[in-house]
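So the structure is just underneath, and the comments pick up after that.
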Amino acid sequence: MNKTDAFHAACEMVDDLDGWEEVNIDKDELILTCVCKGGLLTKDSDIRIWVEGPNGMPNSNTHCSSESTGGIFSNDKSNVAEFVRKLYMRIT
């Protein structure tokens, strides 16, 4: 899949995820910044999704990172796992 199609699929999927909100979309750099709402013992997580790949080639890499500050527990691993699992199901 080319990088722009992968980026658009990631943006559409974030809209469908419960508790995830888009904060900033950079369509030129293919970077999506969003926030995942925390729960009772967790704080909100800042999530960054970016897509890399050659122009004009159906080859891309989608990356996801999650950072939480404060709270008793962190959901960073589960945020990334949820995104990767659902994106994989969406694009395959």
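The values are calculated or read from the model by the stated rules, or taken from the named source; none is laboratory data. Here the structure is a predicted model, which means the values were calculated and not measured. Heads up, the Cβs are rebuilt from the backbone with ideal geometry, glycines too, and the neighbour counts pull from every protein chain shown.
A few comments on the model shown:
- Number of the exception - Gly70 against (1) of a type in the set (Gly, Ala, Ser); (2) under 18 Å from Phe7 (Cβ atoms); (3) loosely packed, with under 11 Cβ neighbours inside 10 Å: (2)
This table checks each residue for (1) of a type in the set (Val, Ile, Thr); (2) free of Cβ contacts under 8 Å to residues at least 60 places away in the same chain.
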site	(1), (2)
Ala9	no, no
Glu21	no, yes
Asp26	no, yes
Leu32	no, yes
Asn55	no, yes
Asn59	no, yes
Thr62	yes, yes
Ser66	no, yes
Ile72	yes, yes
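Residues checked against (1) over 18 Å from Thr4 (Cα atoms); (2) of a type in the set (Lys, Arg); (3) at pLDDT below 95; (4) not in a strand (DSSP E or B):
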position: Gly39; (1), (2), (3), (4): yes, no, yes, yes
position: Pro54; (1), (2), (3), (4): no, no, yes, yes
position: Met57; (1), (2), (3), (4): no, no, yes, yes
position: Asn79; (1), (2), (3), (4): yes, no, yes, yes
position: Arg90; (1), (2), (3), (4): no, yes, yes, yes
